[in-house]
Amino acid sequence: MTGPRAETEPPIIDARGIQRTFQMGSMEVHALKGVDLIVRPGEMLSIMGTSGSGKSTLMNILGCLDRPTAGSYSLDGMPVEGLSRDQLADVRNQKLGFVFQGFNLLPRTSALENVELPLMYDRSGRFHDTKGRAEAALERVGLVDRMHHDPSELSGGQQQRVAIARALVTEPALVLADEPTGNLDTATTLEIMTLFQELNADGVTLVIVTHETEISTHTQRIVELRDGRVVRDAPVEERRDAREDLDAFRELDLAGV
């Protein structure tokens, strides 16, 4: 969802003046130096930057895995500062879905059970038929026919789809994806980006951390970090359609080009 309605709704991410300083012996490392970031409902944006730019530190703060040294952060209208560790755990479970480069699936545990796991830790009482919800999430990512398979029996792309289903199963306000295609080949990368674009078209708010320019061109907006500061925050002028790119890649592959 973008446009007038998104502009009038409270932002999903409202981060202002975010600073993060780490103490390394006698030295202070300023990883973030006053970052402002607003993300509206239904946006799909990429956070880019080279190693050391601060993008992973920002990702951890947005994901309530770390706290800023200074600044304010509200997630889906809820101020995060001052929350206890247990409260932060509940926020992560109820408002956030995570997708990682390494999939982070439990081995010797079926796809269905992996997706069901966040529901088992939910303390809000919102969910009852946890297996049914997990199955529906797998169906949403086109993998319901593999729900009884362990991760070792799935391809890399299928494992990432399981991870995406797990991120979606609690109906989070925001999905954070950290280098989600880093371990995938070109065709599988485009399949995952096609899925992300489809989910975004259905209203899922997505923030993708990536160092790959080609990935960022499939999003709506690019936020670039350098030395702990935002140096660019702009819409993607010519957004690429991942489905079209995937079809074109397959045609070239079949032609042996």
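Using Cβ point charges alone (K and R +1, D and E -1), the dipole size of the stretch 71-155 about the Cα centre works out to roughly 140 debye.
Under the convention that each Lys and Arg Cβ holds +1 and each Asp and Glu Cβ holds -1, the size of the dipole of the chain around its Cα centre is about 840 debye. Taking every DSSP bridge with both residues inside the stretch 174-257, close to 60 percent are antiparallel. Each Cα pair under 8 Å and six or more residues apart adds its separation to the average, and for the chain the resulting relative contact order is 25 percent. Helix content alone sets the calculated 222 nm mean residue ellipticity of the chain: runs of n ≥ 4 DSSP H residues at -39500 (n - 2.57) each, divided across all residues, give -10500 deg cm²/dmol. Segment D36..E212, full-extension length gain: 61.1 nm, with 0.36 nm per residue of separation and the alpha-carbon distance subtracted. I need the shape label for the stretch 33-85. Rule: rounded when a/c is under 1.5, else prolate if a/b > b/c, else oblate, with a, b, c from the alpha carbon gyration tensor. Oblate. Computed from the Kirkwood radius of its Cα pairs, the Stokes-Einstein diffusion coefficient for the stretch 178-223 at 20 °C and 1.002 mPa s stands at 197 µm²/s. Quick one: work out the % antiparallel among DSSP beta bridges in the chain, nearest 5. So the antiparallel bridges amount to about 55 percent of the total. Residue ranges 183-193, 82-92 sort as 183-193, 82-92 when ordered by packing (mean number of other C-beta atoms within 10 Å per residue, highest first). So, how do all the Cα-to-Cα distances of the stretch 120-257 break down into 5 Å bins, in percent, from 0 on up? Pairs per bin, as whole percents: 2, 9, 17, 20, 19, 15, 10, 7, 3, 1, 0.
Here D253 and E171 are evaluated by their C-beta separation; at R0 = 35 Å the FRET efficiency comes out at 0.45. Coordinate range of the alpha-carbon atoms in the stretch 92-169 per principal axis, descending: 34, 23, 22 Å. In plain terms, the bigger the Kirkwood radius, the slower the diffusion; for the chain, with that radius from Cα pairs, at 37 °C and 0.692 mPa s, Stokes-Einstein puts D at 173 µm²/s. When each of the peptides 164-176, 147-159 is scored by the mean number of other C-beta atoms lying within 10 Å of its residues, the order from highest to lowest reads 164-176, 147-159. When Rg and the Kirkwood radius Rh are both evaluated on Cα atoms of the stretch 1-118, their ratio Rg/Rh stands at 1.01.
Each reported figure results from applying straightforward, stated rules to the coordinates on display, with no laboratory input. Here the structure is a predicted model, which is why all the values come from computation and not from measurement. A quick note on method: Cβ atoms are made from the backbone with ideal geometry, for glycine too, and the neighbour counts reach across all protein chains shown.
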